[in-house]
1. Between segment 18-51 and segment 154-172, what's the alpha-carbon centroid distance in Å?
2. Roughly how many nanometres apart are two label points built 7 Å out from the Cα toward the Cβ at S171 and L36?
3. Kindly identify segment 1-114 as rounded, prolate or oblate by the Cα gyration tensor criterion: order the square roots of the eigenvalues as a ≥ b ≥ c, call it rounded if a/c is under 1.5, otherwise compare a/b with b/c, prolate if a/b is larger, else oblate.
4. Taking the Cα centre of the chain as the origin and placing charges on Cβ (Lys, Arg +1; Asp, Glu -1), which of T38, I159, S223 is farthest toward the positive end of the dipole?
5. May I ask you to evaluate 6.51 cos²θ - 1.76 cosθ + 1.60, the Karplus curve with θ = phi - 60°, for each residue of segment 156-162 and list the ³J(HN,Hα) values in order in whole Hz, giving x for glycine and proline?
6. Enumerate the calculated ³J(HN,Hα) couplings along segment 113-127 in order (Karplus 6.51 cos²θ - 1.76 cosθ + 1.60, θ = phi - 60°), each rounded to whole Hz, writing x wherever the residue is Gly or Pro.
7. Please get the size of the charge dipole for the chain, origin at its Cα centre, with Cβ charges of +1 on Lys and Arg and -1 on Asp and Glu, quoted in debye to the nearest 20.
8. Taking the chain as a Gaussian network, where each spring joins two C-alpha atoms under 10 Å apart, which residue of H176, H244, H220 fluctuates the most?
Amino acid sequence: MEQGNETLVREFTFLGFSSLAGLQQLLFIAFLPLYLFTLGTNAIIISTIMLDRALHTPMYFFLAVLSCSETCYTFVIVPKMLVDLLAQKKTISFLGCAIQMFTFLFLGCSHSFLLAAMGYDRYVAICNPLRYTELMGHRVCVGLVAAACACGFTIAQIITSLVFHLPFRSSNQLHHFFCDISPVLKVASHHTHLSQIVIIVLCALVLVIPLLLILVSYIHIISAIVQFPSTLGRYKAFSTCASHLIVVTIHYGCASFIYLRLKSTSSSSQDALISVSYTVLTPLFNPLIYSLKK
């Protein structure tokens, strides 16, 4: 904090687990092995796909990128959260908070568009199997990943700029365990309705557009599968999509609950609890879902 004509916030204090002061060491003991297991399973998936030439296919290429994204995603939030569970002073600098929010949004938004690309891959594999190799060549796959990252980068940059150009002069206490959009906005001295509308619209678009693309892909996939002559063929086709559908449901379910609710229905403690699910538990489940299926 800096004193002058007015007090400017130079750091933020996390209060996400303040109501569980007596349980923070137990939470650290619970979350640490989960985090290490997540890192380990994602590392195994990535290394296996890289080393086994039989897995050098578009589906596994997207899976490797997804695992890499989730590894980085958890690294942005979980290590800091674990340190804070054992620390007396749970703070982050103003710049550090901005970097954390930008990186978190970049990876999260890219993740949404990546899931849409994976849905398109399944659509081509099932609806156009004879042209699959042609339509899903290496350059196309890399282009889809690059487009997902470009969209994520642009949206993250706009939202982070809008949030951190606001004045922060009063409270610096975030009722959360990382720099998410809502808790940071709540401690801003004031913000315009335009900036709020832009942020809400961008959050909606980054969830709705990829989800619509996924729904369109699966409408075509289901239409094609029901026309398969054999039950075994239908089962095999559905089974190749099952893992992706489960991950999509978990990802969009958690994200929609946090970012598409009305402000009046938002609870800080509830938000923190849901955030634990998509920063610790979801990245743990995703590699398990794909590993068990593949």
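The values are calculated or read from the model by the stated rules, or taken from the named source; none is laboratory data. Bear in mind that the values here come from a model prediction, so they are computed numbers and not experimental data. Using ideal geometry, Cβ is built from the backbone for each residue, glycine included, and neighbour counts are taken over all protein chains shown. What goes into the accessible areas is simple: the full protein's heavy atoms, side chains included, and nothing from ligands, DNA or RNA. Shrake-Rupley method; radii C 1.70, N 1.55, O 1.52, S 1.80 Å.
1. When both Cα centres are located, 29 Å separates them.
2. Here the answer is 3.7 nm between the modelled labels.
3. Oblate is the answer for segment 1-114, as a/c is 1.5 or above yet b/c matches or exceeds a/b.
4. Value: S223.
5. With coefficients 6.51, -1.76 and 1.60, one gets 5, 5, 5, 5, 4, 5, 4 Hz.
6. Per residue, the Karplus-derived 3J(HN,Hα) values read 6, 5, 4, 5, 5, 5, x, 5, 4, 5, 4, 5, 4, 8, 8 Hz.
7. The dipole of the chain has a size of about 460 debye.
8. Most flexible of the set in this elastic network: H220.
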